[in-house]
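Enquirer: Before I ask anything, here is the structure I am working with.
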Amino acid sequence: MTESNGSAAQTRNEEMPDWEKRFRAPRVSLPDWAEDAPDRSLFVSNATGTYELYAWDRATGEQRQVTDRPNGTTDGVLAPDGRWVWWFDDKDGDEFGVWRRQPFEGGTDEFATPGLEASYPAGLALGRDGRTAVVGRSTDEDGTTIHVARPGQDPVEIYRHRESAGVGDLSHDGSLIAIEHTEHGDAMHSALRVLRPDGTPVADLDDTKGGTEELGLEILGFAPVDADARLLIGHQRRGRWEPLVWDVSTGEESDLDLDLPGDVGAEWYPDGTGLLISHSFEARSELFRYDLATRELVKVPIPPGTVSGATARPDGSVEYLWSSAAEPSTVRSTTGRAVLDPPGMKSPGSVPVEDVWVEGPGGRIHALVQKPAGTTGPLPTVFDIHGGPTWHDSDSFAAGPAAWVDHGYAVVRVNYRGSTGYGRAWTDALKHRVGLIELEDIEAVRTWAITSGLADPSRLILTGGSWGGYLTLLGLGTQPDAWALGIAAVPVADYVTAYHDEMEALKAMDRTLLGGTPEEVPERFEASSPLTYVDQVKAPVYISAGVNDPRCPIRQVDNYVKRLETRGAVHEVYRYDAGHGSLVVDERIKQVRLELDFAQRHLPAS
């Protein structure tokens, strides 16, 4: 870059508003590293303006872009021997595709699993021999199938079921395969099965049997030691997610019984002697090391905020991706050394988040509030509703809410019933009256926001993406006098049509949430569908949708929009050529700019 070009770029950066800088600033994910070649890592970055996969040789410092596609790539795995990067190749974000692989040093991509046709992914586990792959596939025709693929051989199918399932892990020596399945028909609570590579069953663990409580299990990983059949799993037996060690060969279960509130996850230290414990409680994170021999729990020092991912390195250090609402994400290490510091423009920070607890119809609701520094209410206020629904907002950096704050809005995020991080009962409360339950909690927090003096009741915006977009449209119809306008991104708008058009795994989730199909429980689908209430919508509505979205398909959005058009309701629709969101920075900025502009034009003056 010449000096004049550099000066021009610096001028453009100085003139760029902070909200846009937060999207454009290069960022990186937590690097994954190869088990048998720990100097070789794989990470995701938006450095080129599109999120893509990058290979990083820590020994030389060399970083190389692996994928380069118009709509970006984030789904990739590094083989344990470090020789290959596997990545999932779909079409324009439709999530239906095949696995390809590329040499770590660079070269031509090749089809990684000959004999397996395109599908939705249902997990992938790679063997240490660099040749064996356990591949999960999901299609509308076959349900879930799992295959063992080896170069030069036809893939061998080892599992098939109509209900959703997925590959969990492959043991260190390649002799055992762990899968999660929902053969019992409850897509929210998985059971576990361990198979040999020929498909022969070895062991089952199912907490959904023999009781009235719905309990789930999840696979966290086999011990990283040869001839070791210990499998680290998560369970919900005490009302929250916790880890235990299951010896598949003997059936013995070693319960850690950690005295920590909130949800607890874990992964192995590389030598198999301890566990890296990740603790999530009230929208913030902690890390610990748990010694399996002494049962000692030692805290890993990290700043207050949220850890989005953590991994223990062979030298015993811990690397983690950290942020807070006020500070952008960084990859940190307990060694104190910098891990990955992307070059270029740095992201501006934002304002800290404040915790609010509100009494609701199902118990105390946790909400996170941000507002422009030095302001007092009542303010125009954005209720930014998270997706999932099994997810939660946290004290972590988010460019979207920060953009609203920059423009003078308060932002409220609600961890409604159905959210994770507050115990199994809170998450599992979301059944049958889907959507309506969450909106009861949002309404309770809305009432608090008004009575506390934070929010101007005439200038309230309801917004969100995915499930948050669904709740936005449902809220505009069922609470028409509560909201001044609504902004819904990639929403469910017509629940019945969405069910018939979405990917098979989401059909299973909807059957679990609503208790059946639209034909079996039509009254529940009708009660939970935004289309049912579209004629009651009073507020201006903005909708954005990906034309290739397999999760919230475009046809059901079009059905809702046609009803708005028939009524002559104030609305705008933006369709873009991608799937469930965009991995292109320019596209994301365009969408946020359109949302801000819609609010400016349609929100009543103070």
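The values are calculated or read from the model by the stated rules, or taken from the named source; none is laboratory data. Predicted model only: the values in this text are computed from it and were never measured. Don't worry about glycine lacking a Cβ; one is built from the backbone with ideal geometry, like all the others, and counts go over all protein chains shown. For accessibility, only protein heavy atoms count, side chains too; no ligands or nucleic acids. Shrake-Rupley method; radii C 1.70, N 1.55, O 1.52, S 1.80 Å.
Enquirer: Among Trp33, Trp99, which is the only one that is surrounded by 20 or more Cβ atoms within 10 Å (Cβ to Cβ) and without any contact (Cβ under 8 Å) to a residue 60 or more places away in the chain?
Expert: Working: Trp33 fails: without any contact (Cβ under 8 Å) to a residue 60 or more places away in the chain.
After applying the criteria, what remains is Trp99.
Enquirer: Could you give me the residue pairs with C-beta distances under 6 Å whose first residue belongs to the range 262-274 and is farther than 22 Å from Arg238 by Cα and in contact (Cβ under 8 Å) with a residue 12 or more places away in the chain, whose second residue is open to solvent by 10 Å² or more (accessible area, probe 1.4 Å) and acidic (Asp, Glu) wherever it lies, and which are 6+ apart or on separate chains?
Expert: Going by the 6 Å Cβ cut-off, the qualifying pairs are Gly274/Asp291.
Enquirer: Within the bounds of the range 288-295, is there any residue that is loosely packed, with under 13 Cβ neighbours inside 10 Å, under 17 Å from Asp207 (Cα atoms) and either in contact with a Pro (Cβ under 8 Å, 6 or more places away or on another chain) or not hydrophobic (A, V, I, L, M, F, W, C) (or both)? Step through it out loud before you land on a result.
Expert: Residues of the range 288-295 that are loosely packed, with under 13 Cβ neighbours inside 10 Å, as a first pass: 293-295.
When the remaining residues are screened for being under 17 Å from Asp207 (Cα atoms), the result is none.
No: zero hits.
Enquirer: I would also like to ask the following. Can you pull out every residue in the range 84-96 that is out of contact with any Pro (no Cβ under 7 Å at 6 or more places or on another chain) and surrounded by fewer than 20 Cβ atoms within 10 Å (Cβ to Cβ)?
Expert: First, pick out the residues of the range 84-96 that are out of contact with any Pro (no Cβ under 7 Å at 6 or more places or on another chain): 85-87, 89-93.
Across the range 84-96, the qualifying residues are Asp89, Lys91, Asp92.
Enquirer: Name the residue, out of Arg446, Arg433, that is of a type in the set (Lys, Arg) and part of a loop (DSSP other than H, G, I, E, B). Don't jump to the end; show me each part of the working.
Expert: Numbers: Arg446 fails: part of a loop (DSSP other than H, G, I, E, B).
Residue meeting the stated conditions: Arg433.
Enquirer: Here are some residues: Ala425, Ala429, Ala498, Ala455. Which one is in contact (Cβ under 8 Å) with a residue 24 or more places away in the chain, within 16 Å of Asp384 (Cα to Cα) and of a type in the set (A, V, I, L, M, F, W, C)? Explain how you work it out, then say what you get.
Expert: Details: Ala425 fails: within 16 Å of Asp384 (Cα to Cα); Ala429 fails: within 16 Å of Asp384 (Cα to Cα); Ala498 fails: within 16 Å of Asp384 (Cα to Cα).
Answer to the check: Ala455.
Enquirer: What do you reckon, is Ala266 assigned to a loop (DSSP other than H, G, I, E, B) and on the phi < 0 side of the Ramachandran plot? Steps first, please.
Expert: Working: assigned to a loop (DSSP other than H, G, I, E, B): no; on the phi < 0 side of the Ramachandran plot: yes.
Answer is no for this residue.
Enquirer: Is it the case that some residue within the range 306-318 is within 17 Å of Ser41 (Cα to Cα) and charged (D, E, K, R)?
Expert: Yes, that holds for at least one residue.
Enquirer: Could you list all residues from the range 440-487 that are out of contact with any helix residue (DSSP H, G or I) (no Cβ under 9 Å at 6 or more places or on another chain) and open to solvent by less than 10 Å² (accessible area, probe 1.4 Å)?
Expert: If the condition is that a residue be out of contact with any helix residue (DSSP H, G or I) (no Cβ under 9 Å at 6 or more places or on another chain) and open to solvent by less than 10 Å² (accessible area, probe 1.4 Å), then Asp441, Val445, Ala449, Gly468, Gly469 are the ones that fit.
Enquirer: I'm trying to understand the selection: among the residues of the range 48-65, which are crowded, with 19+ Cβ neighbours inside 10 Å and assigned to a loop (DSSP other than H, G, I, E, B)?
Expert: Passing the criteria: only Tyr51.
Enquirer: Checking Thr517 against (1) out of contact with any strand residue (DSSP E or B) (no Cβ under 8 Å at 6 or more places or on another chain); (2) more than 25 Å from Ala545 (Cα to Cα); (3) open to solvent by 20 Å² or more (accessible area, probe 1.4 Å), which test does it fail?
Expert: For Thr517, the exception is condition (2).
Enquirer: If you don't mind, there's one more thing I want to ask. All but one of (1) open to solvent by 60 Å² or more (accessible area, probe 1.4 Å); (2) farther than 17 Å from Glu282 by Cα; (3) in contact with a helix residue (DSSP H, G or I) (Cβ under 9 Å, 6 or more places away or on another chain); (4) not polar (S, T, N, Q) hold for Val351; which doesn't?
Expert: Of (1) open to solvent by 60 Å² or more (accessible area, probe 1.4 Å); (2) farther than 17 Å from Glu282 by Cα; (3) in contact with a helix residue (DSSP H, G or I) (Cβ under 9 Å, 6 or more places away or on another chain); (4) not polar (S, T, N, Q), only one is false for Val351: (1).
For (1) within 29 Å of the chain's Cα centre (by Cα); (2) under 22 Å from Asp18 (Cβ atoms); (3) open to solvent by less than 60 Å² (accessible area, probe 1.4 Å), each residue gets a yes or a no:
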position	(1), (2), (3)
Arg563	no, no, no
Ala569	no, no, yes
Tyr576	yes, no, yes
Gly581	yes, no, yes
Val584	yes, yes, yes
Lys590	yes, yes, no
Arg593	yes, yes, no
Phe598	yes, yes, yes
Ser606	no, no, no
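Enquirer: Could you tell me whether Arg555 is touching a residue at least 40 places away in the same chain (Cβ under 8 Å), within 17 Å of Pro491 (Cβ to Cβ) and surrounded by fewer than 17 Cβ atoms within 10 Å (Cβ to Cβ)? Break it down into steps so the answer makes sense when it comes.
Expert: On the way: touching a residue at least 40 places away in the same chain (Cβ under 8 Å): yes; within 17 Å of Pro491 (Cβ to Cβ): yes; surrounded by fewer than 17 Cβ atoms within 10 Å (Cβ to Cβ): yes.
Answer is yes for this residue.
Enquirer: With a cut-off of at least 2 residues that are surrounded by 15 or more Cβ atoms within 10 Å (Cβ to Cβ) and either out of contact with any Lys or Arg (no Cβ under 8 Å at 6 or more places or on another chain) or free of Cβ contacts under 8 Å to residues at least 60 places away in the same chain (or both), name the strands (runs of 3 or more DSSP E) lying wholly within the range 149-260.
Expert: On the way: elements: 156-161, 165-170, 177-181, 191-195, 201-205, 217-222, 230-235, 242-247, 253-255.
The strands (runs of 3 or more DSSP E) meeting that bar are 156-161, 165-170, 177-181, 191-195, 201-205, 217-222, 230-235, 242-247.
Enquirer: Which ranges mark the strands (runs of 3 or more DSSP E) fully within the range 317-414 that have 2 or more residues being among the aromatic types (Phe, Trp, Tyr) and at pLDDT 95 or above?
Expert: Values: elements: 318-323, 330-333, 354-360, 363-370, 379-385.
Those strands (runs of 3 or more DSSP E) span 318-323.
Enquirer: Considering every residue within the range 448-457, establish whether at least one is closer than 30 Å to Glu502 by Cα and among the hydroxyl-bearing types (Ser, Thr, Tyr). It would help to see each step written out before you state the result.
Expert: Step one: filter the range 448-457 for residues closer than 30 Å to Glu502 by Cα, giving none.
No - not one qualifying residue is present in the range 448-457.
Enquirer: So Ser329 passes all but one of these: (1) surrounded by 16 or more Cβ atoms within 10 Å (Cβ to Cβ); (2) touching a helix residue (DSSP H, G or I) at 6+ places or on another chain (Cβ under 9 Å); (3) in contact (Cβ under 8 Å) with a residue 60 or more places away in the chain; (4) within 30 Å of Ile442 (Cα to Cα). Which condition number does it fail?
Expert: (2)
Enquirer: Can you find even one residue in the range 297-310 that is farther than 30 Å from Asp206 by Cβ, basic (Lys, Arg) and open to solvent by less than 40 Å² (accessible area, probe 1.4 Å)? Give the steps one after another, and end with the answer.
Expert: Applying the first criterion (farther than 30 Å from Asp206 by Cβ) to the range 297-310 yields 298-308.
Narrowing the set further to residues that are basic (Lys, Arg) leaves 299.
Of the ones still in play, those that are also open to solvent by less than 40 Å² (accessible area, probe 1.4 Å) are none.
No, every residue in the range 297-310 fails to be farther than 30 Å from Asp206 by Cβ, basic (Lys, Arg) and open to solvent by less than 40 Å² (accessible area, probe 1.4 Å).
Enquirer: OK, next. For the range 450-466, which positions are closer than 9 Å to Leu379 by Cα and part of a loop (DSSP other than H, G, I, E, B)?
Expert: Gly453, Leu454
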